[in-house]
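Before any comments, here is the structure.
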Amino acid sequence: MAIKVKELKEDALMDIKVNKAYYLMLKSTLFYLFNQITDVAVREESLKKVMAADYGAMNDWERSFYTITVMLAEIEKVAGETSLFDEKEILEPGDEGYVEPTQG
């Protein structure tokens, strides 16, 4: 017996609202993926493949990394175009008033 499934139309293009918490979750996921490959040479080769953007030739890790990177780039592009970024200064070690970060 056939089942029915829903699939986006080929020409579907939609606006999706993203809040800061979700944006930070995406960044955290990307950082997690980045750290999954501990061999620096392998990681470097995978990142080069991702930068070439031949999606069909990528492995699962590379496709995942690429997909999240593209989503983050779009969010940041729209945020920049619509003035949704707050700019702030972050002191570095050696700067007057710098306080070593703590977890907590």
**Prompt:** How do Ser28, Ser46 line up, fewest other C-beta atoms within 10 Å first?
**Reply:** Ser28, Ser46
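Using a 10 Å cut-off on Cβ atoms, rank the peptides 78-86, 6-14 from the highest mean neighbour count down.
Top of the packing list down: 78-86, 6-14.
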**Prompt:** How do 66-74, 54-62 rank on mean C-beta neighbours within 10 Å, highest first?
**Reply:** 66-74, 54-62
**Item:** Identified option (computed Rg and Dmax of the Cα atoms in Å; candidates (i) 18.9, 71; (ii) 14.2, 44; (iii) 13.5, 40)
**Value:** (i)
**Message:** Please give me the summed charge of the neighbours of Phe65: other residues whose Cβ is under 14 Å from its Cβ, Lys and Arg +1, Asp and Glu -1.
**Reply:** 0
**Request:** Pull up the cross-link candidates among the lysines for Lys77, meaning alpha carbon to alpha carbon under 20 Å and not fewer than 8 places away within one chain.
**Result:** Lys17, Lys20, Lys27, Lys88
**Percent RCO, i.e. relative contact order, over the chain, from Cα pairs under 8 Å lying at least 6 residues apart** = 21
**Message:** Restricting to DSSP H runs of at least four residues, report the calculated mean residue ellipticity at 222 nm for the chain, -39500 (n - 2.57) per run over all residues, nearest 500 deg cm²/dmol.
**Reply:** -17000 deg cm²/dmol
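Read the figures in this text as sums done on the coordinates, not as results from a lab. Note that the structure is predicted; figures quoted are calculated from it, not measured. Reconstructed Cβ throughout: ideal geometry from the backbone, glycine too, with neighbour counts over all protein chains shown.
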